Amino acid sequence: MIKLFDVNEREDLSHCDTMLSDFSDAVFQRAFRQYFSELGIHIRDWDGIFSEMNEDNNNLAFIRTTQDGKIIGFIQFRPTKFTSWFFEETCGFIREFWIAPEFRRQNHGTALLRLAENYFLENKIYTCILTSDTAADFYEKHGYQKAPGCKAKNQDPVFLKHLT
């Protein structure tokens, strides 16, 4: 677990960004449950979901909280290797991304997205891919483009960004 501290100048609100790979973390679990509740998704076996995340060793997340522990949001991501008979590329895949309603439109989403993109760049990953059915404008504003030839299993539009 890596903790990064910053001050959001816009609101003068101190916050903490924590990178984690252990999804038994209570703060992450609380945030993830809140996210799924907002989506109207009901899970019977939360422990199973978080165990799956841990078993898949490549999952990472940044979680942002206020200094007093209130959850601002999180971004869950992973390096994903795409291979064909001739080529191979590791892309950064944004799996889940959520900002609590009371913290939206305050640049927290932009900051978390940058943290994930910077992680990819630091690890020599130069393409980021994600799906979204609710935030196309947000991703397009941050340089993502729809990838019309790429299909996702969840049928959501696929967005791609070449990182530099």
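The values are calculated or read from the model by the stated rules, or taken from the named source; none is laboratory data. All figures in this text were calculated on a predicted structure; none of them were measured in a lab. Ideal geometry is used to build each Cβ from the backbone, glycine not excepted, and the neighbour counts take in all protein chains shown. Accessible surface areas use protein heavy atoms only, side chains included; no ligands, DNA or RNA. Shrake-Rupley method; radii C 1.70, N 1.55, O 1.52, S 1.80 Å.
One line per residue, one yes/no per condition, for (1) over 17 Å from Ile99 (Cβ atoms); (2) modelled with pLDDT of 95 or more; (3) open to solvent by less than 70 Å² (accessible area, probe 1.4 Å); (4) aliphatic (A, V, I, L, M):
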site: Phe28; (1), (2), (3), (4): no, yes, yes, no
site: Ala31; (1), (2), (3), (4): no, yes, yes, yes
site: Glu38; (1), (2), (3), (4): no, no, no, no
site: His42; (1), (2), (3), (4): yes, no, no, no
site: Glu52; (1), (2), (3), (4): yes, no, no, no
site: Asn57; (1), (2), (3), (4): yes, no, no, no
site: Ile63; (1), (2), (3), (4): no, yes, yes, yes
site: Gln67; (1), (2), (3), (4): yes, no, no, no
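So which pairs qualify, if the first residue must be in the stretch 115-138 and on the phi > 0 side of the Ramachandran plot, the second must be assigned to a helix (DSSP H, G or I) and not charged (D, E, K, R), the Cβ gap must be under 6 Å, and the two must be at least 6 apart or on different chains?
none
Just to confirm my filter: which strands (runs of 3 or more DSSP E) fall fully inside the stretch 46-112 and include at least 3 residues that are under 19 Å from Ser14 (Cβ atoms)?
Because the criterion is at least 3 residues that are under 19 Å from Ser14 (Cβ atoms), the strands (runs of 3 or more DSSP E) in the stretch 46-112 that meet it are 60-66, 71-83.
Return only the number of the condition from (1) without any contact (Cβ under 8 Å) to a residue 60 or more places away in the chain; (2) exposed (fewer than 15 other Cβ atoms within 10 Å of the Cβ) that Pro101 does not satisfy.
Condition not satisfied by Pro101: (1).
Exactly one condition in (1) in contact with a helix residue (DSSP H, G or I) (Cβ under 9 Å, 6 or more places away or on another chain); (2) free of Cβ contacts under 8 Å to residues at least 24 places away in the same chain; (3) within 22 Å of Lys153 (Cβ to Cβ); (4) surrounded by 15 or more Cβ atoms within 10 Å (Cβ to Cβ) is not met by Arg78; state its number.
(1)
Do we find that His142 is in contact with a helix residue (DSSP H, G or I) (Cβ under 7 Å, 6 or more places away or on another chain) and more than 19 Å from Leu39 (Cβ to Cβ) in this structure? Spell out the reasoning first.
Working: in contact with a helix residue (DSSP H, G or I) (Cβ under 7 Å, 6 or more places away or on another chain): yes; more than 19 Å from Leu39 (Cβ to Cβ): yes.
Yes; evaluated as a whole, the condition is true for this residue.
Tell me which residues, restricted to the stretch 118-142, are open to solvent by less than 20 Å² (accessible area, probe 1.4 Å), at pLDDT 95 or above and not in a strand (DSSP E or B).
Once the filter is applied, which keeps residues that are open to solvent by less than 20 Å² (accessible area, probe 1.4 Å), at pLDDT 95 or above and not in a strand (DSSP E or B), the stretch 118-142 yields Phe120, Ile125, Tyr139.
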